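The values are calculated or read from the model by the stated rules, or taken from the named source; none is laboratory data. Only a predicted model underlies this, so the values are computations on that prediction, with no experimental measurement involved. Cβ sites come from the backbone with ideal geometry, for glycine too, and all protein chains shown count toward neighbours. Heads up: the accessible areas ignore ligands, DNA and RNA and are worked out on the full protein's heavy atoms, side chains in. Shrake-Rupley method; radii C 1.70, N 1.55, O 1.52, S 1.80 Å.
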Amino acid sequence: MYRKDKFMKQIYDILLEIVGPGFVSDAQEEKYIYSMDPGTMPACEPDIVVMPGSTDEVQKIVQAANTYRVPLVPLGAGLVLSGLSRALKGGIVMDMKRMNRVLEINELSRYALVEAGTSQGMLQAYLRKHFPNLKHSAPDAPPAATVAGNVCIHGSGHMSHAGGFHSDMLNGLEVVLPTGEVVRIGSCATSPYWFARAPLPDLSGLFLGWAGTTGVITKLSIKLYPNYPLNDVSVFVCEDASIIPDILYQITGTQVAEDVTTWMTPKPDWAAGFFHCNVNYGAKTKKELIWKRNLIRSAVESYIDAKTGGFLPLPSMMKQRFLEVPARQLSLFADVRKGGGFEYVGAIMPVELFPKAYDLGLDIADRLGVSYSMGCRIIGINHSMMFFYAYAFNRADPDDVARAQSALEETNKKVLDLGGIPWKAEAPAQKEILRKMDPNMVDLMGRVRSILDPNHVMNPGNWEEDR
Amino acid sequence: MTFDLAEAKREKTKINTGEHSRVLTECATCYSCEEYCPNGNHPFYVIVERQEEKGILPSPAPITRQQILMMKPKGTITPMKVSAPVIDMCYFPMLTGSIREPLYENPSIIVGSDIFCNIMWLHFARNSVIREQLPRVIENIWHYYLKDSNVDELICFHDECYATFSHLAPAFNIQVPFKPIHVFEYISGRLDALKDTIKPINARVAYQRPCSNRLIPETQHWVDDIFTKIGAERVERKYDRENALCCGQILRAHQREEMADDIQNRNLDDMKDTGAAYCVFNCPVCMVTLAEPAAEKGMFPIHLSDLCQHALEGNVPKG
Amino acid sequence: MKYAEILHRCFRCGYCKLPGNYIDFNCSAYAAFRFETYSPGGRMWLLRAWLDEKIEPSRRFQEILFSCTACGNCVEQCVLTKIKDELLLAFTAGKEALVCEGKVPPPVRDCLTKLQNYGNPYGFTRKKRTAWTVGTGIEAFSDQEFLFFPGDVGAFDSRGQEIARSVATLLNRVGVTFGILGDQEVSDGNETNAMGESELFRLLAEENIKHFNELNVKKIITLSPHGFNALKNEYPKLGGTYEVFHYTQILAAHTGSLSFENDLPEISVTYHDPCYLGRHNWEYGSARKILASLTGVKAREMDRSMQNALCCGGGGGNLFTDILGKGPESPAQNRVLEALGTGADILAVSCPTCAVMLGDAVKSTNLDKRIQVREISEIINDRLK
């Protein structure tokens, strides 16, 4: 179906014409670096890498890809770690990061309109400088990660207890369809304001969670939240996985926290076997902060009275690492095997599955001998959790990479068996998900893609059944 | 806890005879009773013993267990030649930068998990951990550092270490083959030796007396001496000396947040009302707990050793 | 290749591309070219790929390596504590490996050839090294307190010469006694080292050290932060140990002795931290102290200042090789726009390389009526009685 080999030279010239000589490359260096992300998925080399600077350029690139039936893969920062931005069938990788302007901040309606390549860090810095009373929900991905990339994959972050998935925080999109039309979705389709997806028929779902197979997001509007001047974290510790669902239920029931994240790690030694629930909250005044702290505490008072759990006595200076957004230290996990690599299965599942999810992770890590870390972030008011199983690997050691891959594969399968769903699943795991999925949904997905992308150019190889 | 005398006598008797007393669940582990007892009967050590016997935990079990794991000896100690003065920094490697000339003359510094004094388990109803670890700690200090270097004096940077070796160890019938010296005594002597180089700080200071100093009240006069020598006026205030208030950090470990808030606020307001420019600490935990709130109230938080160092160097930070 | 063992440990998380406050991209090569290959993480993985024979050391590969200006932002920001201090060393080792194979971009080759043949990257005869002193009365070093080391840019570049004269005149005025090495001086070698030619660096350094020692030099004031870095940090490894100062450190102690005009219009100034004074040597205060001491000068900080400063793009030999200049988005222009954004009238510099790079950027963007690039001593001189 793809005619890339025949037309690659022409494609290159067309792209050169669109973006100029500085922003297109078919050199071995770009092909190498853009063939993989820092996860375990094997390299898939693109033929060309292009970097558009505007929606107009994106549109022209998409049209060219369509005309010549060349695969096209949109790329943010490439930090998804499950290889979703690899060119599985070759073709063009389109690096969106030149499109990184903050276009509008609406303070009263609390939203930000940004170009799709805007990084989390730059949006955070922009708000800090110009609108210090506002913040967005940043994931724990490094600050180079893009806002659009994270929204597209249903990411989560530091406001997810209050606001849900990052896709829930979306107000509207500008998208270039695979056939080249530029479409606005949400209130921005009929209003100059990008304030909500309601009350129109919500087409944003056609572009969320699809791994870039249905179009290219060029602009998006996301909700912003109050940025309180005072922030604190309470860390609840216990040793029994079976009580965690109730702990989280009680704490989230107070609805005063912004982020509730639980972490379990075998290293350092003193952390092994303990569950630490970080509860982050903010306030305008010290009195309010203390009130929130006490309310959170009272939610789990029965456990404190029974001495089965309690809050760590952390002095202020030791809390800073838990208050940092994003948490820089998380990237350190990549060096656990002295090998610059880690990848994780983020399983979206109901909170009640926590004990089984935890046991599953321990079992896999133990049997396969992988270095691991586990945790979960609460989405909404205990509505679900993103339970992560992170495995570190040494990318210079093929056996170590293979071990991590096996662990990830097995984790994906067992998560599905448990009733959870791997988030931002790598291509093999997508097939597992499709195998388990309601056949009518699978069919509908196929039909949607056929309508939107009749020539099947957008990130092919993703969300495809084994036939 | 508030009692009238009659009730206090009743509760103490229950403790002595091994019955349950509300003291065992309500004790804030501030160590005051150890100081107040005129007969040296170690009332606080007995409370801790009873707590452990009865399985009464001041702090939740997971926190207690995790703290013990965090502080356990790593077994990485290696022999090192030392010479006097040997400064014991316990398990505070982050503070070794304070041990420098001119205040400390050619010091040898020992620090690490294998020489952690373990006295903090008094706050967690774990005399058993002290009994288990402390003999090994003393042996480590003696055999890895002091004995082969022909040094028999150990200068303890922290009140806790000095209290461990001079007060608690004898009470627990644990032998200590070296002579503990409080860092106050050492600093006071050094200030005498360097008196011509002292630039008096001419400021009012509030002193945060830590709980562990209540085990060794005989060392308090050194604090007064030191302040006098560096030209600081230790302000008279309500919550100092015998009425000192604990920093509150342990109360937070005990999940008594509101009590911790209360005593911290009273303590710091008391300091602030004196117009003190500096809030001076000797205990690293007190300092880490109260430094920020003290600064918010307009006082410059500083360790006693560092304040003396600055007085010698002529660069005291502006209070 | 040295430091090869850390190459695969890079996670390509991208912290190295940004400053600590995340406000904008801060790796000058990445900012100029925008391909991931030009980021520090890209460079690490490409070096590894080359050593594993997965890619050839093509012209583009060479360009990617030599586009690094050695600004140190990656070292400052990398979160992997066990390897961060070796990042620049790994890039330099990579360049060295290419130099050893003779696989360097032509501008790099030409620059290194001039350094080898003439002792400076301009290809000028040594006799011209003292041309900047004409009319200044500056003497050869005999037993003055300091040796003044103008470096290559100060000696040979017309803008650099202006700055050398301005600084030297001011040092004289505040009573600092100094002499120069004259035409015996060769390049300090900092850029040579950064371009991976460690052997040539050694030869250059040893030649300077020989002359310094013959003259019993004890204290040196450098004009350029590049020279400051080499003389302070690298020369001791070759037996040349001196008390080395950057001129701003000396001037900061002396501005109190100067008399300034009282009724000059107020100017607002934003200071650009040079990489080899700032991130490499933690010297952020002297120039700021000088500016704070000047009446009628209002200081404004750019968002990327001190350890977060954006490199002007001149380091790593790029002043001479102009590899970054080929990128569509020049860091020098980026920096000038950032300075303009503060509302400042003057972009103050304390490095002749920065002065050339940023001065050219102001001209090429036609911003010279809105902002001027002035060196610190020039700002002082402008306000003297």
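Could you tell me whether any residue of region A:333-344 is within 14 Å of chain B (Cβ to nearest Cβ) and open to solvent by 60 Å² or more (accessible area, probe 1.4 Å)?
Within region A:333-344, not a single residue is within 14 Å of chain B (Cβ to nearest Cβ) and open to solvent by 60 Å² or more (accessible area, probe 1.4 Å).
Can you tell me which residue within region B:247-266, out of those that are open to solvent by 30 Å² or more (accessible area, probe 1.4 Å) and not in a loop (DSSP other than H, G, I, E, B), is nearest to the other protein chains (Cβ to nearest Cβ)? Lay out the reasoning, then the answer.
First, the residues of region B:247-266 that are open to solvent by 30 Å² or more (accessible area, probe 1.4 Å): B:250, B:252, B:256, B:258-259, B:262, B:265-266.
Pick out the ones that are also not in a loop (DSSP other than H, G, I, E, B) and you get B:250, B:252, B:258-259, B:262, B:265-266.
Numbers: B:Ile250: 7, B:Arg252: 4, B:Glu258: 7, B:Met259: 12, B:Asp262: 11, B:Asn265: 10, B:Arg266: 15 Å.
Applying the filter and picking the extreme gives B:Arg252.
Which condition breaks for A:Val49 when tested against (1) within 13 Å of another protein chain (Cβ to nearest Cβ); (2) assigned to a loop (DSSP other than H, G, I, E, B)?
Against the list (1) within 13 Å of another protein chain (Cβ to nearest Cβ); (2) assigned to a loop (DSSP other than H, G, I, E, B), A:Val49 comes up short only on (2).
Determine which single condition A:Ser373 fails, assuming it passes every other condition in (1) open to solvent by less than 30 Å² (accessible area, probe 1.4 Å); (2) more than 20 Å from A:Ala271 (Cβ to Cβ); (3) assigned to a strand (DSSP E or B).
(2)
From the list A:Lys292, A:Lys223, A:Lys284, exactly one residue is more than 27 Å from the chain's Cα centre (by Cα), away from chain B (no Cβ under 11 Å) and crowded, with 16+ Cβ neighbours inside 10 Å. Which is it? I'd like the intermediate steps shown before the answer.
Working: A:Lys223 fails: more than 27 Å from the chain's Cα centre (by Cα); A:Lys284 fails: crowded, with 16+ Cβ neighbours inside 10 Å.
Of the residues listed, the single one that is more than 27 Å from the chain's Cα centre (by Cα), away from chain B (no Cβ under 11 Å) and crowded, with 16+ Cβ neighbours inside 10 Å is A:Lys292.
Yes or no: B:Asn282 buried (at least 23 other Cβ atoms within 10 Å of the Cβ) and under 29 Å from B:Pro102 (Cα atoms)?
yes
Of the residues A:Leu81, A:Leu88, only one is under 30 Å from C:Ala49 (Cα atoms), open to solvent by 20 Å² or more (accessible area, probe 1.4 Å) and in contact (Cβ under 8 Å) with a residue 12 or more places away in the chain; which?
Working: A:Leu81 fails: open to solvent by 20 Å² or more (accessible area, probe 1.4 Å).
From the options A:Leu81, A:Leu88, the qualifying one is A:Leu88.
Of the residues C:Leu324, C:Leu337, which single one is touching a Gly at 6+ places or on another chain (Cβ under 8 Å) and more than 25 Å from C:Ser166 (Cα to Cα)? Walk me through it before giving the result.
On the way: C:Leu337 fails: touching a Gly at 6+ places or on another chain (Cβ under 8 Å).
The conditions single out C:Leu324.
Is there a residue being assigned by TED's automatic domain parsing to the domain that holds A:Leu314, open to solvent by less than 20 Å² (accessible area, probe 1.4 Å) and either in a helix (DSSP H, G or I) or touching a His at 6+ places or on another chain (Cβ under 6 Å) (or both) anywhere in region A:226-238?
yes
For region A:154-210, give me each residue that is farther than 20 Å from A:Ala138 by Cβ, surrounded by 17 or more Cβ atoms within 10 Å (Cβ to Cβ) and of a type in the set (A, V, I, L, M, F, W, C).
Selection gives A:Val175, A:Val176, A:Leu177, A:Val182, A:Ile185, A:Cys188, A:Phe195, A:Ala196, A:Leu206, A:Phe207, A:Trp210.
Quick check on my filter: what residues within region A:318-331 are touching a Lys or Arg at 6+ places or on another chain (Cβ under 9 Å) and not polar (S, T, N, Q)?
Step one: list which residues in region A:318-331 are touching a Lys or Arg at 6+ places or on another chain (Cβ under 9 Å), which gives A:321, A:325, A:327-329.
Passing the criteria: A:Arg321, A:Val325, A:Ala327, A:Arg328.
Yes or no, residue by residue, for (1) over 30 Å from B:Lys14 (Cα atoms); (2) within 14 Å of another protein chain (Cβ to nearest Cβ); (3) open to solvent by 30 Å² or more (accessible area, probe 1.4 Å):
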site: B:Ile47; (1), (2), (3): no, no, no
site: B:Arg50; (1), (2), (3): no, no, yes
site: B:Glu53; (1), (2), (3): no, no, yes
site: B:Ile56; (1), (2), (3): no, yes, no
site: B:Thr64; (1), (2), (3): no, yes, no
site: B:Ser83; (1), (2), (3): yes, no, yes
site: B:Ile87; (1), (2), (3): yes, no, no
site: B:Thr96; (1), (2), (3): yes, no, yes
site: B:Ile130; (1), (2), (3): no, no, no
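Considering (1) crowded, with 19+ Cβ neighbours inside 10 Å; (2) free of Cβ contacts under 8 Å to residues at least 40 places away in the same chain; (3) farther than 23 Å from A:Ala272 by Cβ, say which one A:Pro439 fails and leave the rest.
Checking A:Pro439 against (1) crowded, with 19+ Cβ neighbours inside 10 Å; (2) free of Cβ contacts under 8 Å to residues at least 40 places away in the same chain; (3) farther than 23 Å from A:Ala272 by Cβ, the one that fails is (1).
Go through region C:299-329 and report how many residues are within 18 Å of C:Arg34 (Cα to Cα), within 14 Å of chain A (Cβ to nearest Cβ), out of contact with any Phe, Trp or Tyr (no Cβ under 6 Å at 6 or more places or on another chain) and open to solvent by less than 30 Å² (accessible area, probe 1.4 Å).
Result for region C:299-329: 2.
Would you mind stating whether A:Thr254 is buried (at least 21 other Cβ atoms within 10 Å of the Cβ) and within 30 Å of the chain's Cα centre (by Cα)? Before the answer, list the steps.
Values: buried (at least 21 other Cβ atoms within 10 Å of the Cβ): no; within 30 Å of the chain's Cα centre (by Cα): yes.
Criteria not met by A:Thr254.
When the residues of region C:8-37 are narrowed to those that are free of Cβ contacts under 8 Å to residues at least 60 places away in the same chain and more than 7 Å from chain A (Cβ to nearest Cβ), which ends up surrounded by the most Cβ atoms within 10 Å (Cβ to Cβ)?
C:Tyr30
As an exercise: evaluate C:Leu277 against (1) aliphatic (A, V, I, L, M); (2) open to solvent by 20 Å² or more (accessible area, probe 1.4 Å); (3) part of a loop (DSSP other than H, G, I, E, B) and give the number of the one condition it does not meet.
(2)
Anything in region B:286-301 that is open to solvent by less than 10 Å² (accessible area, probe 1.4 Å) and outside any helix (DSSP H, G or I)? List them, or say none.
Passing the criteria: only B:Met299.
Would you point out which residue out of A:Ala390, A:Ala396 is in contact with a helix residue (DSSP H, G or I) (Cβ under 8 Å, 6 or more places away or on another chain), under 12 Å from A:Trp263 (Cβ atoms), free of Cβ contacts under 8 Å to residues at least 60 places away in the same chain and within 14 Å of chain C (Cβ to nearest Cβ)? Write out each step before concluding.
On the way: A:Ala396 fails: under 12 Å from A:Trp263 (Cβ atoms).
The conditions single out A:Ala390.
With the requirement that a residue be touching a Phe, Trp or Tyr at 6+ places or on another chain (Cβ under 6 Å), over 20 Å from C:Thr177 (Cβ atoms) and either charged (D, E, K, R) or part of a loop (DSSP other than H, G, I, E, B) (or both), what does region C:121-159 give you?
The answer is C:Pro121, C:Tyr122, C:Phe124.
Just checking, which of A:Met99, A:Met122, A:Met94 is part of a helix (DSSP H, G or I) and at pLDDT 95 or above?
Details: A:Met99 fails: part of a helix (DSSP H, G or I); A:Met94 fails: part of a helix (DSSP H, G or I).
Residue meeting the stated conditions: A:Met122.
Does any residue of region A:393-409 turn out to be under 30 Å from A:Val279 (Cβ atoms) and at pLDDT 95 or above?
Step one: filter region A:393-409 for residues under 30 Å from A:Val279 (Cβ atoms), giving A:407-408.
Next cut, at pLDDT 95 or above only: A:407-408.
Yes, region A:393-409 contains at least one residue that is under 30 Å from A:Val279 (Cβ atoms) and at pLDDT 95 or above.
Restricting attention to region A:295-318, and to residues there that are at the interface with chain B (Cβ under 7 Å from one of its Cβ atoms) and in a helix (DSSP H, G or I), which single residue is least open to solvent (accessible area, probe 1.4 Å)? Break it down into steps so the answer makes sense when it comes.
Start the filter on region A:295-318 by keeping residues that are at the interface with chain B (Cβ under 7 Å from one of its Cβ atoms), which leaves A:297, A:304, A:307-313, A:315-317.
Still in the list and also in a helix (DSSP H, G or I): A:297, A:304, A:316-317.
Values: A:Arg297: 42, A:Ile304: 9, A:Ser316: 39, A:Met317: 118 Å².
Here the answer is A:Ile304.
In region B:1-19, how many are of a type in the set (Asp, Glu) and either loosely packed, with under 10 Cβ neighbours inside 10 Å or not in a helix (DSSP H, G or I) (or both)? Explain how you work it out, then say what you get.
At the first step, the residues of region B:1-19 found to be of a type in the set (Asp, Glu) are B:4, B:7, B:11, B:19.
Now drop any that are not either loosely packed, with under 10 Cβ neighbours inside 10 Å or not in a helix (DSSP H, G or I) (or both), which leaves B:4, B:19.
Residues that pass the stated criteria total 2.
Would it be correct to say that C:Glu56 is among the acidic types (Asp, Glu), free of Cβ contacts under 8 Å to residues at least 24 places away in the same chain and either surrounded by fewer than 23 Cβ atoms within 10 Å (Cβ to Cβ) or not in a loop (DSSP other than H, G, I, E, B) (or both)? Don't jump to the end; show me each part of the working.
Values: among the acidic types (Asp, Glu): yes; free of Cβ contacts under 8 Å to residues at least 24 places away in the same chain: yes; either surrounded by fewer than 23 Cβ atoms within 10 Å (Cβ to Cβ) or not in a loop (DSSP other than H, G, I, E, B) (or both): yes.
Yes, satisfied.
Quickly run through region C:229-261 and pick out the residues that are without any contact (Cβ under 8 Å) to a residue 24 or more places away in the chain and out of contact with any Phe, Trp or Tyr (no Cβ under 9 Å at 6 or more places or on another chain).
Here is the first cut: in region C:229-261, the residues without any contact (Cβ under 8 Å) to a residue 24 or more places away in the chain are C:236-237, C:241, C:253.
Hits for region C:229-261 are C:Lys237, C:Ala253.
For region B:149-180, enumerate the residues that are touching a strand residue (DSSP E or B) at 6+ places or on another chain (Cβ under 9 Å) and among the charged types (D, E, K, R).
B:Asp152, B:Glu153, B:Asp159, B:Lys179, listed by residue number.
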